[in-house]
Amino acid sequence: MTVTLSGFADEISPDPREQLATLAAESITHLELRSAWSVGVADLTGAQLAEFRAMLADAGVLVSAIGSPIPPGEPPERHRAQVIDRMAALAEIAAGQGLVLAHENEKEIFGDTPGRCADLITSVNSPALRATFDPANFVQCGVRPFSEAYGLLRPHLVYLQVKDALAATGEVVLAGRGDGQVRQTLAALRDSGFAGIMSLEPHLARAGRYGGFSGPEGFTLAARSLKLILNELGIPWC
């Protein structure tokens, strides 16, 4: 089992060159694209995308995922059928393109709790819709991530967003320093043979609904904290 490290590069800086320099310094060869030059991924122009793609090629960095937010609406339970229908349609499109949608347990959406995440994925019942596991988001929803969510979602899990949080305040902290049960989750993933992506999303300087910021120093600290845990648990990474 070897896991691949990635990260939301816009947590480092709006400037892609600084993003790539920080990733290179930490030997991280993938990034998750959410924004560049302070422009959301859905709003990047063709010219910006071409420039970004060329920079990635020069740096030898691959894109592990596209961070694509869905706007909030009314209380999630009210729209279960509509959510499942829409996600099924998106999964069908993704399957046709050879892509996999990885649903993140983002706060205050239908799929924010373990039961609703599992309900969504099993109801759509498509190999093009899998699960992303974010321990901090579960903590902020009042869920103990490993004890209450991991077992339910492991059959669908292909991606891990790495951040931690304190249950008492919701504050985001370095991996392993909060109530996100990060070590237990990583150990269980190791024992189950997980070989997917672990993507850093530290949110150490600023956290928002659809993004956050850590700066180069904060991102580097988060990367080293994760790698320390991986090394302690004997989990190879690349």
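The values are calculated or read from the model by the stated rules, or taken from the named source; none is laboratory data. The structure displayed is predicted, hence computed values, not measured ones. Using ideal geometry, Cβ is built from the backbone for each residue, glycine included, and neighbour counts are taken over all protein chains shown. Calculation scope for accessible area: heavy atoms of the full protein, side chains included, ligands and nucleic acids excluded. Shrake-Rupley method; radii C 1.70, N 1.55, O 1.52, S 1.80 Å.
Here is a yes/no grid of residues against (1) closer than 30 Å to Arg86 by Cβ; (2) out of contact with any Gly (no Cβ under 9 Å at 6 or more places or on another chain); (3) hydroxyl-bearing (Ser, Thr, Tyr):
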position	(1), (2), (3)
Ser6	yes, yes, yes
Glu18	no, yes, no
Ser27	no, yes, yes
Leu33	yes, no, no
Ala59	no, yes, no
Gly67	yes, no, no
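So for the range 160-180 (the condition being open to solvent by less than 40 Å² (accessible area, probe 1.4 Å) and assigned to a helix (DSSP H, G or I)), does at least one residue qualify?
No.
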Taking the range 9-27 and the residues there that are buried (at least 24 other Cβ atoms within 10 Å of the Cβ) and in contact (Cβ under 8 Å) with a residue 60 or more places away in the chain, the one that is farthest from Leu204 (Cα to Cα) would be Asp10
Of all residues in the range 93-121, count the ones that are in contact (Cβ under 8 Å) with a residue 24 or more places away in the chain and assigned to a helix (DSSP H, G or I).
-> 13
Consider Asp85 against the criteria (1) open to solvent by 80 Å² or more (accessible area, probe 1.4 Å); (2) touching a residue at least 24 places away in the same chain (Cβ under 8 Å): it satisfies all of them except one. Which criterion is unmet?
-> (2)
Which one of these is part of a helix (DSSP H, G or I), open to solvent by 70 Å² or more (accessible area, probe 1.4 Å) and either touching a Gly at 6+ places or on another chain (Cβ under 7 Å) or in contact (Cβ under 8 Å) with a residue 24 or more places away in the chain (or both): Leu152, Leu189?
-> Leu152
